[in-house]
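Below you'll find the structure, written out as structure tokens, and then a few comments.
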Amino acid sequence: MAGNPTALGRVVWIAAAAAFVARFPGLLWPLRPDEAGFLLVARSWHPEPDSVYGHYFVDRPPPIIWLMQATDAIGGAYTHRVVGAVGCVLLVLASAAAAREMARRAGIVDPAVVRRVAGWVAVGTAALVSNAQIDPVAAKGELFGIPLVMGSCWLALRAVRRVSAADAFWAGLLAMSAVGFKQSIVGGLVFGAVLLVGSATARQVPWRAALRCAAGAVAGAAVPVLVIVGWALVVGVRLEALWYTSVSFRSDANRTIALQSAEGATSRISVLLLVFVGVGMLFLLACFVARLPALLRLDAVPVVAITAMLAVDLVAVAVSGSYWMPYLFVPIPALALALAGLMSHAQLDRRWHLVTPAAVAFAVASSVIALVGWTSSWVVGRVPVEVRTGEAIAASARPGDRVMVYGGRADIQWASRAGSPYPHLWSLPMRTLDPELEDLGAVLTGSNPPTWFVEATYINTWSELGTRPIEGSLIRKYEFIRTACGRYRVYRLNSVDEIDIDVDCRTPWRTIWGE
């Protein structure tokens, strides 16, 4: 990346553009379960005193649903994916800005060298966030939150350099806003706190100035919280319900995960670890750890902050209990900062000038190969069985029919174009809040049961206690129609009319238009 400063600046913009373009699979694949669930919640949102969202339950703070509701109103069900792609652009630009701050802290004064560091970091960040092994399609809380984290880290670095309470305010605001999209995205808060305390302890910033910056950061972080609390008070949601939905539910859910079968999670963690290696994250992490002593000697304060941020982000993934692939988006800002530190050190110690670029090259090659592989499989033809199942039900349903999907496949529910009488569109809230399946049993045996029942997961997958009444209700009240594409068992309320569904298990999905 040698060359004139203007050319080096273009590298950052090219990397940002590449990160945007690499989200094109979002145009080629239908809504994923979480996206569909968020949209179903957003479209039926009716706050109540004991329920943040009304009929449906989702363990997320309001900002993620606000975003889905707004994008749906502006451009339809897939508009949030454009926002996710723009977020990738902002992530890359913010990582480059943070890299410039790290280079200046390391004592690099040559603008061309500073741009070189920023260029490498931008390319590495774009490669990580664009890797199709993680998720090139869905745009969810992780993808919306990490640009805010990266921006917060950049502003925190700038705040301690300029001793600016205003920068600290915006850093705190962005860091806490990220938590509104996914509660575990706390890296920005950790980085900013450690950086500010460390800067004051190391006497890089006077304590009085550090306290002003801390006050600014706390004030900024309070803004998103006050907005959400104020909204809850205005619409009549009890703060206890808001707290449980946004925070306390996770404790109950973690106990549920610990007590129930971990077979699915065990298989996912193996894949997640392989992807962690395959996308180049482990390579970058190993480089950072290997050079940690030298980095600490160069500029200890931000290195300690990066280390703390990395530790918190990786521990959050490790203790999640679910190990879904998009969780790997969360450590990207911390890895980008680690890369900035490594590249800055490499400019000062030429013994390392090839190692870190090799890690970036690995990440870029992995991203290109993964994206080509995903596209090739799409060209050959992939059938979204969940969507085809929902579409087949919609084609055979009558006005007023309701659909109940058991097992957390909100994409089936969405494609059926029918509402669900059951409040749990995800399996974990169902397993946590209805462990005996009493609420589900009441839905099936009530005066207005769902017309259609889809067994997306075997009834007894997680619990033996409440499954027999459910199975009994299915036998008595429902007629088995067919198993959709060999995966999903579809039932319908007993009827004198003979009813069947025609599930298209062969036609691949091509684009989000014209389906």
Ranked from fewest to most other Cβ atoms within 10 Å of their own Cβ, 24, 453, 276 fall in the order 24, 276, 453
So the FRET efficiency between residue 349 and residue 162, C-beta based with R0 = 41 Å and rounded to 0.05, is 0.90
For 91, 27, 474, ascending order of other Cβ atoms within 10 Å (fewest first) is 27, 474, 91
The chain, Kirkwood Rh and Cα Rg, ratio Rg/Rh at 1.01
Here the gain from full extension of residue 110 to residue 324, 0.36 nm per residue of separation minus their alpha-carbon distance, amounts to 72.8 nm
Between the Cα axis of helix 62-75 and the main Cα principal axis of the chain, the angle (0 to 90°, nearest 10) is 80
Kirkwood radius from Cα pairs of region 291-350 plugged into Stokes-Einstein at 20 °C, 1.002 mPa s, gives D in µm²/s equal to 172
A chain fully extended from residue 436 to residue 234 at 0.36 nm per residue, minus the present Cα-Cα distance, gains in nm 69.3 nm
Mean Cβ-within-10 Å packing, highest first, puts peptides 358-370, 196-208 in the order 358-370, 196-208
In debye to the nearest 20, the charge dipole size for the chain, taken about the Cα centre with +1 at each Lys and Arg Cβ and -1 at each Asp and Glu Cβ, equals 2080
For region 219-361, the Kirkwood Rh over every pair of distinct alpha carbons, in Å, works out to 18.1
Summing -39500 (n - 2.57) over every DSSP H run of at least 4 residues in the chain and dividing by its residue count gives a helix-only mean residue ellipticity at 222 nm, to the nearest 500 deg cm²/dmol, of -21000 deg cm²/dmol
Taking 0.36 nm per residue of separation between residue 311 and residue 203 and subtracting their Cα-Cα distance, the length gained on full extension comes to 36.4 nm
With the charge dipole of the chain built from beta-carbon charges (+1 for Lys and Arg, -1 for Asp and Glu) about the Cα centre, the Cα from 9, 507, 146 projecting farthest to the positive end belongs to 9
Final fewest-first order of 80, 55, 424 on the 10 Å Cβ neighbour count is 55, 424, 80
Pseudo-spin-label distance residue 487 to residue 252, built 7 Å along Cα→Cβ, given in nm, is 3.0
Taking only the Cα positions of region 385-493, the convex hull volume per residue in Å³ is 87
In degrees, nearest 10, the alpha-carbon axis of helix 249-259 is tilted away from the dominant principal axis of the alpha carbons of the chain by 70
In the chain the cysteines whose Cβ sits 4.7 Å or more from every other Cys Cβ are 88, 153, 213, 287
Convex hull around the C-alpha positions of region 450-515: the volume in Å³ per residue is 128
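Which of the peptides 118-126, 43-51, 165-173 is most tightly packed, and how do the rest follow, going by the mean number of other Cβ atoms within 10 Å of each residue?
Order by mean packing, descending: 118-126, 165-173, 43-51.
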per DSSP, antiparallel bridges as share of beta bridges in the chain, % nearest 5, sits at 70
For residue 376 and residue 511, extending 7 Å from Cα along the Cα-Cβ vector and measuring point to point gives, in nm, a value of 2.4
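FYI, it's all coordinate maths here, none of it is from the lab. These numbers were taken from a predicted model, which means no experiment stands behind them. Here the Cβ is made from the backbone with ideal geometry for all residues, glycine too, and neighbour counts use every protein chain on show.
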